[in-house]
Structures are given as structure tokens and as C-alpha cells.
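Contents: one structure, followed by commentary.
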Amino acid sequence: MLLEIKDLKAGYGKKQVLHGISMSVDKGEIVALIGHNGAGKSTALKATFGLITPGEGEVIYEGMNMTDYPPGAKLDAGIYHIPQEQFLFNDLAVRDNLEMSFFTAKDQGRFESKLNGIYDMFPVLKKRLDQTAGTLSGGERRMLGIAMGLLREPKLILVDEPSSGLSPVAFQGVVQTLQEINNQGTAVLLVEQNVKVAFKISRRVYVMKSGQIILEETGQKLLERNQWWDLF
Amino acid sequence: MEYIYHIIIFILLYSILVQSLNLIMGYAGMVSMCHAIFSGIGAYTAALISIHLGYNFIFAMAVAFVLAAVTGGLLATPFLRVRDEYLIVFTIGFQMVMYEFMLTARGITEGQGGIPGIPPPQLFGIEFVNPLTFLPLVVVITSICFAFSWRIIHSPFGRVLKAIREDESACRALGKNSLKFRVIVFGLGGGLAAIAGSTLAYYVTFVSPFTFVVDVSIFIIVMVVLGGLANFWGPLVGAAILVGLPEALRFIPGAAGVIDAVREILYGFILMLLMLFRPQGILPERAGRILAKFSGNEKPLQEDGFEIEAIGERYSSDPKKSVVELKDLSKSFGGLEAVKDVSLSLPYGEITGLIGPNGCGKTTIFNLITGYLTPDKGRVLVDGQEITNQAPYRIVKAGLARSWQDVRIFNGMSVLENVMVAFQEQAGENLALLFFSPRRVAEKERRNCQKAISYLNLVGLAEKANELAMNLSTAEQKLAAIARLLATECPVLLLDEPTSALDVDSVERIIKLIKRVAEQTRRTVLLVEHNLDVVRGLVRKAYFMSEGKVLAYGEPSELMANPKLAEVYFGID
């Protein structure tokens, strides 16, 4: 198991949102986390990445207990978090954003070669290198966010609602990108509201409700159902 | 000995000044950098009236009070629509302007030289001239001012002030016209400061602009913060320390000269250290004391703790009637059409749901109904009456009350106070009634307290009535917020994600509670929820929205059988 989350409890100060969840992501898997708004999905990602310190429970990555590790350490270990709010440097150009993402990487010498790899994967970004990130379209911003993550060569990407704010076409592009990345070996833990797509591309799915996991099932099985209202 | 009386007089006069700022800053939460000016208005008014008109000092002080109160009220009116940081800057500006006025309007204030020769106060043949005779007068004046403040603070009016300080928006959603309260308290604070200033003028028999410089305004702030914001005795403590201590230190040989030199530096340091290490000051605020004499002894109105009053019937008991109607409501933000031609109606006595994917416009609808947003087009009607575009507090008076997704409980107040502040038409919120009809106010308070405890019993929080709201768990805070909402006694309730972020058991508890309340009081409820278990458990019918439009209306089972809606909710491939 690449990532194991055991009985995780976390929240924001007094407001406890996760009431003991357990999940796992294996190498090269795409795992989806779905559920109603306010169920705690974003919180689960943030607690895993270390943006919130869990109150109880464990986050075990590559066999190491990293529960209380800060985001920087998790980043160095190979986890990358792309939040729903998309923290891009809006006033900086696309290339500067990519540089900023690489800023704390340990293998600084390899920046240019990695960058070329990114251009191959995201030709649209290559075209807009000097454009300020704030002026990119929704889909392009998501691509930039993912590209910034890829520069760090993560083994696991935590993506929070990549479809939010995107047209179906743009979202399709993002999904394809995630699948490509996954084909190259990166595992993905995906929080997503568009559950149809999530079921389609994920090997396994966890369903959350009110801070707890109520179901674990394969994406295929869920896709075969004719309705999903009971999951929400 | 005379020297000691002199110091005590100064401590008492400053304590009035500090208490008056405590009302504004500690209880109502507004920072004022011009408070010295109000005492200046008091001093100059009293001086001019006594010297030029020869009227007696009580009359002069009364005029000074009124003049300063009106000035404070007028000052508050324009800038209270403006946020806190700007308020601070505005009051600095006022301080500067008025100080200049005192210096240069020689025709009125006689400029830099000031006004000497103020005749000493006289009463029943006694002339109050030296510290010995002045001290009793100051004690009486201070006692009156403190008693006046006490009455205001420990009253429904004071309770609203605290709620405004905690969360003004949430306070308005309980039907309180917060602007009115802020204007009044700013005026009262100014008036009391004028009493202190005029008394000082009579004591020193001399007024000069230099007594009312910005340093003094800051000095008053330091004292109020040091003594403890929103603590009734804090001003006395703050004044005693910062006025008395330097004087006491004079007795140390060689200290006198040093004290004067470092005084200003010392005050600045104290302020910084306080903010770093003990921002609540020496005496902390004590919540829950307001009703200490009521709670614990009050029996709820009924055995099971709930007075069953069909509040919902205030409008009509005709089950076919729509209590709330939205007609063609629209709202855009820039290019984004958040709500487009939405028409919906809430049937009497039912819980109606409003569901839809993220960003579909549910919260915008809420804010449009409750007056937090202005619609571009369309109307909102309650019981046939138009309430479109009215201020939030008026919406409550029309009978609609809302809850908040992020709870917005008043953290610095007790659970009981939170509920009690929500009652409408409280006699004690009216200052005239507060001072001239104390029995009526007390009776209303007792009745409201009983009702409040009943509501707390209903939600299961009666034992925590005197607990500070901030110490409750999230689930308990949500229950307290429901009790608070019920206390508005509004027939229509708008619930915004009441179970968000709660665990399964708490969700169950809240579902049962809402159901029970709605049924027993025959209230009409609009429920926005993402957790469909809650929707299924509570609503008879729901509106399904997407991208600002209403797509469907029907029973949950009908909606969930609709493939088009499933596509919208679960995404298109």
C-alpha cells in the first residue's frame, strides 16, 4: 500500500469534521472519494497532506507514519495536493508559476529537462508561457495546477474536485490528463462531484457521509448501478 | 490629605470617562479614538453656560450631556455603515478636527488661552471649591453615572450591544436594527464623557484645549483595555492604576521627574504588552451574569419543557395557502447569473427542501429572501405582503428567520443569553421603558427567560444554559442556534444546511428536532441541505435547482427517479 489512512479524525479547531475514516491507495491506482457537500472530503485530503493536523488516527505513506508531518515533508516524500481553490500565483506568468512550484525541490539542476517534459504533456501551457496565470481559462488553470504538481514527480496526487468551475469539455481534458499521469505510474486520490466520471476512471471508490466512510466499492460495480441517490 | 482627595477625584472622573468608553468599545465593540473630545464638549459647554448665562451647574451639565450625546449620535450615523478599521480612522479625523476647532474658534472657545474663571458649583448654599467639598459631589456624580451604565449594560439593550459586538450580521438576522443601537450607545457614551468633562471643568475652574488632545483619547483607551473590556468594574481598576499609580510613585524620592518624562512611553508599552499577553485586561468579561438571578430557578413552561404554541398559525391555518412566494427572482454577479427567474412557493405548515449541486444558487436565494442581497428583478412575498429588498431586521419582523451554515452563535455570551437576545419586541431594548418602566421590563424578562429555558429544554441544552457559547461542541452550538432561532418566534424558518459537518448521530438528533418543532408549532420551513438523508427524512416536497434555475419540484422520491436530474446531480459523461 502506498498510502494508508487509519481511523483519521480531524477538523478545524472545535469543529470536528472527520469522525474516524480509513482508506488506502495502492501504487498506480486511481481511487475516488465521493459524498455530499460538507461530508468532509476536502478535509480528508487536507488532513492527509498535513494542511490540518489530525487529532487522532494515522497517515501511513510508503510504510512510514507521517501523520504529523507538515506539507513540506510530504511534498518531498512524493505527495502533491491540488486544492479545489487552486492556489496559483495569479499575477505571475505561467512559467513563473512552474518555477515557483519547483522552488523547494531538491534536484534544482533538472528543472529545464523536467520543464520540457511538461511542455510535451501540456502543449497549451507551452503556448502561454508568458501569460499571467490569472488570465487563463478555467481548464487551463487546472492544467497548470496539475503541471506544477508533476514537476515534483509525485508518486501520489491528491486532487480536490477538478471539475469545479469547468465546462464538460474542459473537464474532459483534465480527466484525460489525470489518466495519462496515472498510466505513467502516479497514483491519484480524487475527490469529485461528477460521480459518473469518477466511477469510470477509478479502480476503487470510497463514499463519505457526515464525516464517515459508508461504502467502499469498485468503480466498475458502482457504474453498473442505475442510481446513486442513496450515497448522498 | 487634600492631595489624596485630589487624586481620588481624578480617579473617579477618569473612571466615568473610561466607563463611557467601555460602553462603546467593550460592550458594543466599536473603537473610538476621539473620546476625549466628548469630555471636551462637556467641559466647554458647562464653562460657557455657567460663565455667560449664569445657570446652575446641574442645568449646565444636563445641556452638556445632551449636546455631546447628540454629537455622538450624529457622528455614529454616517460612519457606522462603514467597517471597523475605517471607524478608527474616522474618529481620529474627528479628534483632529475638533481639537483644531477648540484651538482656533476663538469666538467660542477663546482659543489657546482657554476659559478661566469658571464659577464653582453651588447647591443648597454649599460651594464646591476645594477637594474636601468636591469629593462628595464627585462621588455622587460617579455613582449616578455608574448606576446609569449598570442599568444599560445589564438589560436587554446591553444584551443586544454584546450580540452586535460578537456578530453584527447574525444579530440583524434576529430582527435587531443594529444601526439604531450603535447610534444610541455612541451618543450615550459621548454624553457620559461630557458629564466627566464638565465636572472636571468645575473642579479645575479652567478649560483649555490641551486637556483634550489625542493623547488623552489614547490614554482612555489604555485604561479601558487595562481594566478589562466589558467588565463593569474594569474602568475603576484601570483608572485607579493609571491615574493613581504614577501619583503614588511620586512619593519615591527622585521619581517625580522621571514619571512625567516616561508617562507617555509607559502608556504605549502597557498597551502593547496587554495586547500580547492579556488582551482581556485585568478583569475579564463575565458572561452569563446578566441573568444569574433568573436562571436555575426558572421552571420551564411545560412538563416536557416545551410550550406548544402554533406559531405557524399566525398567518393562516389554510393548508392550501402559500406562506412565502418568490416570483421571477433574478440576481447576477458581473456576468454570472447566479439566480435566474426563480419562482417558488412554500406551502403553509410544511418543510420544503431546496436541493441541487454545488453552485446552483441555493445560498443566493437565501440571501435574496432574507435581505442580505438585493435582487436585480423579482419579488418576495410573505403572506401576500411584499418584503422584497427590505433590511434583514425587517424581514424578521415580517415573520421570516434564518439560520446560518456556519452557525454564528454569539461566542462571548452564554447559551441562555444567546436565546434571550432573539426574542422580539423586548421592552428592555427600549431605553425609555428601561428607565421609566422597570417593572414592566422585569416582567417581560422573566417571561422571556422561562420561554428561553423551555426552548433549551427542547433542544436538550438546559443544563448548559449558563455555559459560554464558545465552550460548546459544534453539535451543541448548532442546537443552541436552533433554540435561538425558535426564540425569534417567527412562523417561517429558513434553515441553511443545519447538519453540515456533523457526525451521523448528531444529524439524526437534529432531524428529529426539526421534525418535532415544525409539526408541533405548525411552522413553515425552507430547508437547504446537501445531505440527502436529511432531505428524505424531513421534507414533503423539494425544489431542485441547477445553475440558478428551478428544474423541478416534487417529493424526494419523484425527484430522485428523474433521470434528467440525476444527470445534473451526478455529472454527465
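The values are calculated or read from the model by the stated rules, or taken from the named source; none is laboratory data. Since we're looking at a predicted model, the values are computed, not measured. Virtual Cβ from ideal backbone geometry, glycine too; neighbours counted across all protein chains shown.
Data table
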quantity	calculated
Scope the stretch B:324-381; condition within 20 Å of B:Leu527 (Cβ to Cβ) and of a type in the set (Ser, Thr, Tyr); matching residues	B:Ser343, B:Ser345, B:Tyr348, B:Thr352, B:Thr363, B:Thr364, B:Thr370, B:Tyr372
Selected residue [at pLDDT below 95 and out of contact with any helix residue (DSSP H, G or I) (no Cβ under 8 Å at 6 or more places or on another chain)] from B:Gly125, B:Gly234, B:Gly228	B:Gly125
Filter result for A:Glu99 (surrounded by 15 or more Cβ atoms within 10 Å (Cβ to Cβ), at positive phi and not aliphatic (A, V, I, L, M))	no
Of all residues in the stretch B:498-510 being under 19 Å from B:Lys362 (Cβ atoms) and aliphatic (A, V, I, L, M), the one that is farthest from the other protein chains (Cβ to nearest Cβ)	B:Ile510
Matching entry among B:Ala518, B:Ala552, B:Ala542 (being more than 11 Å from chain A (Cβ to nearest Cβ), free of Cβ contacts under 8 Å to residues at least 40 places away in the same chain and closer than 21 Å to B:Leu346 by Cα)	B:Ala552
Residue under evaluation A:Val197, criteria (1) facing chain B (nearest Cβ under 8 Å); (2) in a loop (DSSP other than H, G, I, E, B); (3) under 30 Å from A:Met148 (Cβ atoms), criterion not met	(2)
Matching helices (runs of 4 or more DSSP H) fully within the stretch B:47-165 where at least 3 residues are on the phi > 0 side of the Ramachandran plot	none
Extreme residue, modelled with the lowest pLDDT, among residues of the stretch A:184-194 that are touching a Gly at 6+ places or on another chain (Cβ under 6 Å) and part of a loop (DSSP other than H, G, I, E, B)	A:Asn194
Pairs with Cβ under 9 Å, 6+ apart, first in the stretch A:205-232 and within 9 Å of chain B (Cβ to nearest Cβ) and assigned to a helix (DSSP H, G or I), second acidic (Asp, Glu) and surrounded by fewer than 22 Cβ atoms within 10 Å (Cβ to Cβ)	A:Asp230/B:Asp533
Condition met for B:Ile41 (of a type outside the set (Gly, Ala, Ser), out of contact with any Lys or Arg (no Cβ under 9 Å at 6 or more places or on another chain), at pLDDT 90 or above and surrounded by fewer than 21 Cβ atoms within 10 Å (Cβ to Cβ))	no
Qualifying residue in the stretch A:43-59 (condition: free of Cβ contacts under 8 Å to residues at least 12 places away in the same chain and out of contact with any Pro (no Cβ under 7 Å at 6 or more places or on another chain))	no
Any hit, the stretch A:117-126, residues being touching a Phe, Trp or Tyr at 6+ places or on another chain (Cβ under 9 Å) and more than 14 Å from chain B (Cβ to nearest Cβ)	yes
Candidate set from the stretch A:178-232 (those that are touching a Phe, Trp or Tyr at 6+ places or on another chain (Cβ under 6 Å) and not hydrophobic (A, V, I, L, M, F, W, C)); member that is surrounded by the most Cβ atoms within 10 Å (Cβ to Cβ)	A:Gly219
Residue among B:Asn411, B:Asn418 that is of a type in the set (S, T, N, Q), more than 14 Å from B:Phe157 (Cβ to Cβ) and at pLDDT 95 or above	B:Asn418
Boolean, B:Ile141 is touching a strand residue (DSSP E or B) at 6+ places or on another chain (Cβ under 7 Å), of a type outside the set (Ser, Thr, Tyr) and surrounded by 18 or more Cβ atoms within 10 Å (Cβ to Cβ)	no
Conditions (1) under 30 Å from B:Leu486 (Cα atoms); (2) modelled with pLDDT of 75 or more; number of the one not met by B:Met272	(1)
Qualifying residue in the stretch B:486-506 (condition: in a helix (DSSP H, G or I), touching a residue at least 24 places away in the same chain (Cβ under 8 Å) and crowded, with 24+ Cβ neighbours inside 10 Å)	yes
Qualifying residue in the stretch A:180-191 (condition: among the small types (Gly, Ala, Ser) and either closer than 21 Å to A:Ser101 by Cα or more than 13 Å from every other protein chain (Cβ to nearest Cβ) (or both))	yes
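Residue-by-condition table, conditions (1) assigned to a helix (DSSP H, G or I); (2) touching a residue at least 40 places away in the same chain (Cβ under 8 Å); (3) closer than 20 Å to B:Phe435 by Cβ:
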{"position": "B:Arg182", "(1), (2), (3)": "yes, yes, yes"}
{"position": "B:Val185", "(1), (2), (3)": "yes, yes, yes"}
{"position": "B:Ala193", "(1), (2), (3)": "yes, yes, yes"}
{"position": "B:Tyr202", "(1), (2), (3)": "yes, yes, no"}
{"position": "B:Leu229", "(1), (2), (3)": "no, yes, no"}
